[in-house]
1. What tally of residues in the stretch B:95-115 results from selecting those that are touching a strand residue (DSSP E or B) at 6+ places or on another chain (Cβ under 7 Å) and aliphatic (A, V, I, L, M)?
2. If only one of B:Glu10, B:Glu114, B:Glu64 is crowded, with 18+ Cβ neighbours inside 10 Å, in a helix (DSSP H, G or I) and acidic (Asp, Glu), which one is it?
3. How many of the residues in the stretch B:37-61 are more than 17 Å from the chain's Cα centre (by Cα) and either within 12 Å of another protein chain (Cβ to nearest Cβ) or surrounded by 17 or more Cβ atoms within 10 Å (Cβ to Cβ) (or both)?
4. Condition first: closer than 17 Å to B:Glu10 by Cα, in contact with a helix residue (DSSP H, G or I) (Cβ under 8 Å, 6 or more places away or on another chain) and hydroxyl-bearing (Ser, Thr, Tyr). Can you find one or more residues in the stretch B:47-63 that meet it?
5. Based on this model, can you work out whether B:Asp139 counts as assigned to a loop (DSSP other than H, G, I, E, B) and free of Cβ contacts under 8 Å to residues at least 60 places away in the same chain?
6. What's the total number of residues in the stretch A:40-85 that are in a helix (DSSP H, G or I) and not charged (D, E, K, R)?
7. Among the acidic types (Asp, Glu), more than 14 Å from chain A (Cβ to nearest Cβ) and either touching a Cys at 6+ places or on another chain (Cβ under 9 Å) or not in a loop (DSSP other than H, G, I, E, B) (or both), is that true of B:Asp93?
8. From the set of residues in the stretch A:11-59 that are polar (S, T, N, Q) and surrounded by 13 or more Cβ atoms within 10 Å (Cβ to Cβ), which is farthest from A:Asp79 (Cα to Cα)?
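The values are calculated or read from the model by the stated rules, or taken from the named source; none is laboratory data. Please read these numbers as outputs of a predicted model, since none were measured by experiment. Here the Cβ positions follow ideal geometry from the backbone for every residue, glycine too, while neighbour counts run over all protein chains shown.
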Amino acid sequence: MSEATRGDPLQDALGDKEFLRLELRRMPIEDKLKVIALMQRRSNAIRRATGRPAREEWPWEAVGLGEDDPPPEKGSLIDRLGIYDYLRAERERA
Amino acid sequence: MEAIIQVLNEMAGDGIVADYAIGGAIAVSFYTEPQETLDIDIFVAFPAEEQAVISMQPVYDYLEKKGHKASGEHISIHGMPVQFLPTDELTGDALANAEHTTVGDLPTRVFTKEHLAAIMVKLQRPKDRARLPALLDVDDFDSGVFEAILERFGLAERWAALRRRLYE
(Lines give C-alpha, C1' and ligand atoms only; values in the text may rest on other atoms or scores of the structure.)
Protein backbone atom coordinates (compact mmCIF):
# COMPACT_ATOMS: atom_id res chain seq x y z
CA MET A 1 0.00 0.00 0.00
CA SER A 2 1.45 3.39 -0.92
CA GLU A 3 1.56 6.34 1.47
CA ALA A 4 -0.79 8.19 -0.89
CA THR A 5 -3.60 5.68 -0.37
CA ARG A 6 -3.01 4.89 3.31
CA GLY A 7 -6.11 5.77 5.30
CA ASP A 8 -8.45 5.16 2.37
CA PRO A 9 -10.79 2.46 3.77
CA LEU A 10 -11.09 0.58 0.48
CA GLN A 11 -7.35 0.64 -0.17
CA ASP A 12 -6.69 -0.38 3.43
CA ALA A 13 -9.10 -3.31 3.11
CA LEU A 14 -7.53 -4.41 -0.18
CA GLY A 15 -4.07 -4.06 1.34
CA ASP A 16 -5.11 -6.11 4.37
CA LYS A 17 -6.56 -8.77 2.08
CA GLU A 18 -3.36 -8.95 0.05
CA PHE A 19 -1.30 -9.13 3.27
CA LEU A 20 -3.51 -11.97 4.54
CA ARG A 21 -3.02 -13.83 1.24
CA LEU A 22 0.75 -13.55 1.65
CA GLU A 23 0.53 -14.76 5.24
CA LEU A 24 -1.61 -17.70 4.15
CA ARG A 25 0.86 -18.50 1.41
CA ARG A 26 3.78 -18.58 3.85
CA MET A 27 2.10 -20.82 6.44
CA PRO A 28 3.58 -24.28 6.96
CA ILE A 29 1.63 -27.00 5.14
CA GLU A 30 0.44 -28.47 8.45
CA ASP A 31 -1.35 -25.18 9.23
CA LYS A 32 -2.70 -24.96 5.68
CA LEU A 33 -4.39 -28.32 6.24
CA LYS A 34 -6.15 -26.85 9.28
CA VAL A 35 -7.42 -24.00 7.09
CA ILE A 36 -8.61 -26.48 4.45
CA ALA A 37 -10.49 -28.43 7.16
CA LEU A 38 -12.25 -25.19 8.13
CA MET A 39 -12.99 -24.38 4.46
CA GLN A 40 -14.60 -27.82 4.09
CA ARG A 41 -16.93 -27.07 7.01
CA ARG A 42 -17.82 -23.62 5.73
CA SER A 43 -18.59 -25.04 2.27
CA ASN A 44 -20.74 -27.72 3.86
CA ALA A 45 -22.64 -25.11 5.89
CA ILE A 46 -23.51 -23.39 2.60
CA ARG A 47 -24.38 -26.71 0.98
CA ARG A 48 -26.73 -27.62 3.82
CA ALA A 49 -28.31 -24.16 3.82
CA THR A 50 -29.01 -24.50 0.10
CA GLY A 51 -30.39 -28.04 0.40
CA ARG A 52 -27.42 -29.81 -1.14
CA PRO A 53 -25.80 -32.84 0.45
CA ALA A 54 -22.71 -32.19 2.53
CA ARG A 55 -19.36 -33.61 1.51
CA GLU A 56 -16.92 -35.48 3.69
CA GLU A 57 -14.86 -33.41 6.08
CA TRP A 58 -11.43 -34.19 7.43
CA PRO A 59 -11.60 -35.00 11.13
CA TRP A 60 -10.07 -32.24 13.27
CA GLU A 61 -7.78 -34.82 14.87
CA ALA A 62 -6.28 -35.61 11.45
CA VAL A 63 -5.08 -32.01 11.05
CA GLY A 64 -3.69 -31.62 14.55
CA LEU A 65 -6.75 -30.02 16.13
CA GLY A 66 -7.94 -32.92 18.25
CA GLU A 67 -9.11 -32.50 21.82
CA ASP A 68 -5.66 -33.50 23.08
CA ASP A 69 -3.81 -31.12 20.77
CA PRO A 70 -2.71 -27.80 22.22
CA PRO A 71 -4.66 -24.74 21.05
CA PRO A 72 -2.92 -22.53 18.51
CA GLU A 73 -0.52 -19.92 19.80
CA LYS A 74 -2.30 -16.69 20.73
CA GLY A 75 -2.00 -14.16 17.93
CA SER A 76 -0.79 -16.73 15.36
CA LEU A 77 -2.53 -16.72 12.00
CA ILE A 78 -4.40 -19.94 12.88
CA ASP A 79 -5.64 -18.20 16.03
CA ARG A 80 -6.59 -15.01 14.15
CA LEU A 81 -8.48 -16.99 11.49
CA GLY A 82 -10.85 -18.14 14.22
CA ILE A 83 -10.41 -21.85 13.58
CA TYR A 84 -10.13 -22.67 17.25
CA ASP A 85 -13.21 -20.56 18.08
CA TYR A 86 -15.12 -22.43 15.37
CA LEU A 87 -13.90 -25.72 16.74
CA ARG A 88 -14.79 -24.80 20.34
CA ALA A 89 -18.30 -23.75 19.26
CA GLU A 90 -18.66 -27.02 17.31
CA ARG A 91 -17.64 -29.03 20.40
CA GLU A 92 -20.07 -27.09 22.59
CA ARG A 93 -22.92 -27.79 20.12
CA ALA A 94 -22.02 -31.50 20.20
CA MET B 1 0.48 -34.69 7.37
CA GLU B 2 3.72 -35.94 8.91
CA ALA B 3 2.05 -39.24 9.82
CA ILE B 4 0.94 -39.69 6.19
CA ILE B 5 4.40 -38.87 4.85
CA GLN B 6 5.85 -41.44 7.22
CA VAL B 7 3.50 -44.12 5.82
CA LEU B 8 4.35 -43.12 2.23
CA ASN B 9 8.08 -43.20 2.91
CA GLU B 10 7.79 -46.63 4.53
CA MET B 11 5.81 -47.86 1.53
CA ALA B 12 8.54 -46.64 -0.82
CA GLY B 13 11.22 -48.09 1.48
CA ASP B 14 9.47 -51.46 1.39
CA GLY B 15 9.60 -51.39 -2.41
CA ILE B 16 5.83 -51.29 -3.01
CA VAL B 17 6.31 -48.18 -5.12
CA ALA B 18 9.52 -47.03 -6.78
CA ASP B 19 8.72 -43.40 -6.21
CA TYR B 20 5.91 -41.10 -5.17
CA ALA B 21 5.11 -37.40 -5.14
CA ILE B 22 2.29 -35.24 -3.86
CA GLY B 23 0.16 -33.71 -6.61
CA GLY B 24 -3.26 -32.06 -6.87
CA ALA B 25 -4.63 -29.34 -4.61
CA ILE B 26 -2.40 -30.22 -1.67
CA ALA B 27 0.69 -29.83 -3.85
CA VAL B 28 -0.67 -26.47 -5.04
CA SER B 29 -1.23 -25.53 -1.39
CA PHE B 30 2.48 -26.04 -0.68
CA TYR B 31 3.09 -22.96 -2.87
CA THR B 32 -0.08 -20.87 -2.57
CA GLU B 33 -2.72 -20.05 0.00
CA PRO B 34 -4.63 -23.20 1.07
CA GLN B 35 -6.77 -24.69 -1.70
CA GLU B 36 -9.97 -26.43 -0.71
CA THR B 37 -9.97 -30.12 -1.54
CA LEU B 38 -11.43 -33.39 -0.32
CA ASP B 39 -8.38 -35.58 -0.57
CA ILE B 40 -4.62 -35.87 -0.91
CA ASP B 41 -3.45 -37.00 -4.34
CA ILE B 42 -0.35 -39.15 -4.43
CA PHE B 43 1.14 -40.06 -7.79
CA VAL B 44 3.16 -43.24 -7.79
CA ALA B 45 5.64 -45.01 -10.02
CA PHE B 46 6.11 -48.73 -9.69
CA PRO B 47 9.35 -50.72 -9.75
CA ALA B 48 10.53 -51.32 -13.35
CA GLU B 49 9.57 -55.02 -13.43
CA GLU B 50 5.96 -54.15 -12.55
CA GLN B 51 5.58 -51.25 -15.01
CA ALA B 52 3.71 -53.38 -17.56
CA VAL B 53 0.65 -53.77 -15.36
CA ILE B 54 -0.49 -50.53 -13.75
CA SER B 55 -2.68 -51.44 -10.84
CA MET B 56 -3.00 -49.75 -7.49
CA GLN B 57 -3.84 -53.09 -5.87
CA PRO B 58 -0.35 -53.64 -4.37
CA VAL B 59 -0.61 -50.20 -2.73
CA TYR B 60 -4.08 -50.91 -1.36
CA ASP B 61 -3.08 -54.40 -0.17
CA TYR B 62 0.01 -53.06 1.57
CA LEU B 63 -1.83 -50.22 3.30
CA GLU B 64 -4.79 -52.37 4.33
CA LYS B 65 -2.37 -54.84 5.92
CA LYS B 66 -1.04 -51.89 7.91
CA GLY B 67 -4.56 -51.15 9.16
CA HIS B 68 -5.55 -48.31 6.81
CA LYS B 69 -9.05 -48.69 5.42
CA ALA B 70 -9.97 -48.38 1.74
CA SER B 71 -13.23 -46.66 0.88
CA GLY B 72 -14.13 -46.16 -2.76
CA GLU B 73 -11.25 -44.52 -4.57
CA HIS B 74 -9.57 -43.42 -1.35
CA ILE B 75 -7.66 -45.04 1.41
CA SER B 76 -7.89 -43.45 4.81
CA ILE B 77 -4.46 -42.85 6.32
CA HIS B 78 -4.68 -41.48 9.85
CA GLY B 79 -8.15 -40.10 9.08
CA MET B 80 -7.22 -38.37 5.82
CA PRO B 81 -8.58 -39.63 2.48
CA VAL B 82 -5.63 -40.33 0.21
CA GLN B 83 -5.98 -41.17 -3.47
CA PHE B 84 -3.19 -43.02 -5.25
CA LEU B 85 -2.86 -42.32 -8.93
CA PRO B 86 -0.78 -43.82 -11.71
CA THR B 87 1.13 -41.44 -13.93
CA ASP B 88 0.66 -40.56 -17.58
CA GLU B 89 3.33 -38.89 -19.69
CA LEU B 90 2.92 -35.45 -18.13
CA THR B 91 2.43 -36.54 -14.52
CA GLY B 92 5.28 -39.04 -15.01
CA ASP B 93 7.53 -36.12 -15.96
CA ALA B 94 6.17 -34.20 -12.95
CA LEU B 95 7.02 -37.15 -10.69
CA ALA B 96 10.51 -37.52 -12.17
CA ASN B 97 11.18 -33.81 -11.58
CA ALA B 98 9.28 -33.35 -8.30
CA GLU B 99 10.80 -31.03 -5.71
CA HIS B 100 12.41 -32.42 -2.61
CA THR B 101 10.98 -30.86 0.52
CA THR B 102 10.32 -31.75 4.14
CA VAL B 103 7.16 -31.97 6.21
CA GLY B 104 8.22 -31.66 9.82
CA ASP B 105 11.48 -33.58 9.74
CA LEU B 106 10.43 -36.04 7.05
CA PRO B 107 11.62 -35.88 3.46
CA THR B 108 9.01 -35.97 0.74
CA ARG B 109 8.49 -34.84 -2.85
CA VAL B 110 5.96 -32.46 -4.32
CA PHE B 111 5.21 -31.68 -7.96
CA THR B 112 6.82 -28.41 -9.02
CA LYS B 113 4.53 -25.42 -9.43
CA GLU B 114 5.36 -25.29 -13.13
CA HIS B 115 4.31 -28.91 -13.63
CA LEU B 116 1.17 -28.36 -11.56
CA ALA B 117 0.28 -25.39 -13.76
CA ALA B 118 0.89 -27.44 -16.92
CA ILE B 119 -1.36 -30.23 -15.56
CA MET B 120 -4.08 -27.63 -14.94
CA VAL B 121 -3.70 -26.33 -18.49
CA LYS B 122 -4.11 -29.88 -19.73
CA LEU B 123 -7.12 -30.76 -17.57
CA GLN B 124 -8.91 -27.39 -17.43
CA ARG B 125 -11.60 -28.52 -15.02
CA PRO B 126 -13.39 -25.59 -13.33
CA LYS B 127 -11.24 -26.11 -10.22
CA ASP B 128 -8.08 -25.99 -12.35
CA ARG B 129 -9.12 -22.70 -13.91
CA ALA B 130 -9.89 -21.34 -10.43
CA ARG B 131 -6.57 -22.43 -8.91
CA LEU B 132 -4.23 -21.64 -11.77
CA PRO B 133 -4.00 -17.83 -11.25
CA ALA B 134 -2.88 -18.31 -7.62
CA LEU B 135 -0.09 -20.58 -8.78
CA LEU B 136 1.03 -18.28 -11.60
CA ASP B 137 1.12 -15.46 -9.04
CA VAL B 138 3.70 -17.17 -6.80
CA ASP B 139 6.87 -15.04 -6.70
CA ASP B 140 9.34 -17.61 -7.94
CA PHE B 141 7.07 -19.20 -10.56
CA ASP B 142 9.37 -19.78 -13.54
CA SER B 143 7.42 -19.01 -16.69
CA GLY B 144 10.36 -20.18 -18.84
CA VAL B 145 10.23 -23.64 -17.26
CA PHE B 146 6.41 -23.65 -17.49
CA GLU B 147 6.46 -22.76 -21.19
CA ALA B 148 9.09 -25.41 -21.90
CA ILE B 149 6.86 -28.06 -20.26
CA LEU B 150 3.87 -26.85 -22.27
CA GLU B 151 5.92 -27.03 -25.47
CA ARG B 152 7.23 -30.50 -24.68
CA PHE B 153 3.74 -31.88 -24.06
CA GLY B 154 1.97 -30.11 -26.91
CA LEU B 155 0.02 -27.79 -24.60
CA ALA B 156 1.19 -24.39 -25.85
CA GLU B 157 -1.90 -23.67 -27.92
CA ARG B 158 -4.16 -24.87 -25.15
CA TRP B 159 -2.40 -22.46 -22.78
CA ALA B 160 -2.68 -19.55 -25.25
CA ALA B 161 -6.44 -20.09 -25.46
CA LEU B 162 -6.83 -20.44 -21.69
CA ARG B 163 -4.68 -17.37 -21.03
CA ARG B 164 -6.95 -15.31 -23.28
CA ARG B 165 -9.95 -16.62 -21.35
CA LEU B 166 -8.42 -15.87 -17.98
CA TYR B 167 -6.80 -12.53 -18.60
CA GLU B 168 -8.35 -10.78 -21.60
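1. Total meeting the criteria: 3.
2. Residue meeting the stated conditions: B:Glu114.
3. Going through the stretch B:37-61 one residue at a time, the tally reaches 1.
4. There is at least one residue in the stretch B:47-63 that is closer than 17 Å to B:Glu10 by Cα, in contact with a helix residue (DSSP H, G or I) (Cβ under 8 Å, 6 or more places away or on another chain) and hydroxyl-bearing (Ser, Thr, Tyr).
5. It is true that B:Asp139 is assigned to a loop (DSSP other than H, G, I, E, B) and free of Cβ contacts under 8 Å to residues at least 60 places away in the same chain.
6. Total satisfying the criteria: 13.
7. Judged against the criteria, B:Asp93 is a match.
8. Among those residues, the one meeting the criterion is A:Gln11.
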